1. Hey, could you check segment 183-222 for residues that are outside any loop (DSSP other than H, G, I, E, B) and polar (S, T, N, Q) and say which is farthest from Lys300 (Cα to Cα)?
2. If I ask for residues that are surrounded by fewer than 20 Cβ atoms within 10 Å (Cβ to Cβ) and at negative phi, which ones from segment 114-127 would you list?
3. Just need a number here: residues in segment 262-284 that are farther than 15 Å from Ala154 by Cα and without any contact (Cβ under 8 Å) to a residue 40 or more places away in the chain.
4. For residues in segment 194-245 being of a type in the set (S, T, N, Q) and touching a residue at least 24 places away in the same chain (Cβ under 8 Å), which is surrounded by the most Cβ atoms within 10 Å (Cβ to Cβ)?
5. On the basis of being surrounded by 20 or more Cβ atoms within 10 Å (Cβ to Cβ) and out of contact with any strand residue (DSSP E or B) (no Cβ under 6 Å at 6 or more places or on another chain), does Asp248 make the cut?
6. Can you name every residue in segment 202-257 that is under 16 Å from Gly141 (Cβ atoms) and basic (Lys, Arg)?
7. Evaluate the following for Lys268: is it of a type in the set (Lys, Arg), exposed (fewer than 15 other Cβ atoms within 10 Å of the Cβ) and not assigned by TED's automatic domain parsing to the domain that holds Asp85?
8. For the list (1) at pLDDT below 95; (2) in the same structural domain as Gly262 (by TED's automatic domain parsing), I need the number of the one condition that Ile115 fails.
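The values are calculated or read from the model by the stated rules, or taken from the named source; none is laboratory data. This structure is a prediction, so every number in the text was calculated from the model and none was measured. All Cβ positions, glycine included, derive from the backbone under ideal geometry; neighbour counts span all protein chains shown.
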Amino acid sequence: MKKELIVNGNKTMRIDTYLSENTEYSRTAIQRLIDNDKISVNGKKEKTSYKVKQGDIIEIEEEPAKEIDLKAQDIPLEILYQDNDIIVVNKPKGMVVHPANGNPDGTLVNAIMSICKDSLSGIGGEIRPGIVHRLDKNTSGVIIIAKNDKAHIALSEQLKNHEIKKTYIALVRGVVKENNATINMPIARSKKDRKKMDVDKNGKEAVTHFKVLKRFQDCTLLEINIETGRTHQIRVHLSHIGYPIIGDEVYSNGKNKWNIEGQCLHAKSLDFKHPITGKEMHIEAELPNYFKEIIWNISKIS
């Protein structure tokens, strides 16, 4: 399968730089594709040093996704709730939700497969069994997994209709002035870096509500509710208004005087209707110890 791009614009730049800014591929992936003769310009193979010009026709021969041997792994997980239809767990920071080429195992799905065996919804596909929604790798907290297709469909409908209340706790850089506020700014993939998201007037609707829990000397503890579930939504919105999440390596411009690895963002609770019984559910996960320690240490110097 080939992807074709026509260079538009008068600016000349290296082909690997141009493609990393205008496709979903990283610069490293582009360089690998060029080395493997998977990219051509106007029908000719070129080196990474080639500078594109207006009107160039670039063809990328896309590499097929590698098959992933999905296996159950006995990884400890805190189970917050479980019945015949759903399982709700407290995902630790640093755990990826489902396998991908860069993370073939050690994921939440591998752990859940060990707990649930064959009782997982197949709607998510072979590498995402039971996965209804996601949390970023370095976001901890409550996540629901469906054990059967009926539960999966019902939960997906609740998500689509904004009927699941998601509450997060975040520690952000800077002292937030407002006690309560709503951020209503559309989000799309960044035009400068395809690995990032950005506020974009042409993006998809994204609504984030927050309230201040505590102000410190140079940071603020927030409680956050989101109406929509865009990729990196909370991280993008807070960074855009000048209060990036502490430890966020992607959206905080590298500033991290606290030397914290991974963003201080925790999915505190979910409120939803049980997908089969219709019972109102409220499931909460306690702040992880590292997060409590950070708050304690910051409060001592504030």
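1. Only one residue tops the list, namely Asn184.
2. Matches in segment 114-127: Ser114, Ile115, Cys116, Asp118, Ser119, Gly122, Ile123, Gly124, Glu126, Ile127.
3. Of the residues in that region, 1 qualify.
4. Thr208
5. Considered against the rule, which asks whether it is surrounded by 20 or more Cβ atoms within 10 Å (Cβ to Cβ) and out of contact with any strand residue (DSSP E or B) (no Cβ under 6 Å at 6 or more places or on another chain), Asp248 comes out as yes.
6. Arg235
7. The answer is no for Lys268.
8. Here Ile115 clears every test but (2).
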